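Read-outs: derived from the displayed coordinates by stated rules, not from any lab. None of these values were measured; they are calculated from a predicted model. Every residue, glycine as well, gets a Cβ built from its backbone with ideal geometry; the counts of neighbours run over all protein chains shown.
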Amino acid sequence: MKKYDLDDRLENFAASIIRFYNDKPKTFAADYLVKQLIRSSCSSALNFGEYLGAASDKDKSNKLRIVLKELRESIRNINIQSKAFIYEETELEILKKENDELIRIVVTILKRY
């Protein structure tokens with residue numbers, strides 16, 4: 001596996017969400033969930049950038065909690081899509097795996113604060 005720093009992994013995760021859903025069929029439910037998933041995955045990457053620039057430990061902790069919140073929203077969204085059969089479980093597996101790993105990493109970092 002290629003080594004990434006967390007900043008790159010979060011950006012790559014957001015980009016992979018955008019690429020995955022770029023040419024998918026449109027239904028009302030899929031459109032709603034996909035737009036929200038793109039927002040939450042991109043927000044996790046953007047807020048991690050804020051974390052990197054935070055001045056105090058308290059501010060860093062707060063920004064990292066937002067990253068975690070957005071990642072948890074993303075995994076919930078992917079799970080709903082799977083359970084509603086909007087997309088096949090096998091299609092979503094790579095996204096779910098990366099999302100889960102990112103959550104675990106962020107939780108580990110948060111334990112320092």
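Ala45: farther than 26 Å from Tyr113 by Cβ, out of contact with any strand residue (DSSP E or B) (no Cβ under 8 Å at 6 or more places or on another chain) and aliphatic (A, V, I, L, M), yes or no? Walk me through it before giving the result.
Numbers: farther than 26 Å from Tyr113 by Cβ: no; out of contact with any strand residue (DSSP E or B) (no Cβ under 8 Å at 6 or more places or on another chain): yes; aliphatic (A, V, I, L, M): yes.
The answer is no for Ala45.
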Which of the residues belonging to segment 87-102 are out of contact with any Ser or Thr (no Cβ under 7 Å at 6 or more places or on another chain), surrounded by 12 or more Cβ atoms within 10 Å (Cβ to Cβ) and more than 16 Å from Asp7 (Cβ to Cβ)? Tyr87, Glu91, Glu93, Lys96, Asp100
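Looking at this structure, is Glu93 more than 14 Å from Phe13 (Cα to Cα) and either charged (D, E, K, R) or in contact with a Pro (Cβ under 9 Å, 6 or more places away or on another chain) (or both)?
Numbers: more than 14 Å from Phe13 (Cα to Cα): no; either charged (D, E, K, R) or in contact with a Pro (Cβ under 9 Å, 6 or more places away or on another chain) (or both): yes.
Taking the combined requirement at face value, the residue does not satisfy it.
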Top-ranked residue in segment 29-55 [being hydrophobic (A, V, I, L, M, F, W, C) and within 19 Å of Leu92 (Cα to Cα); ranked as surrounded by the fewest Cβ atoms within 10 Å (Cβ to Cβ)]: Ala29
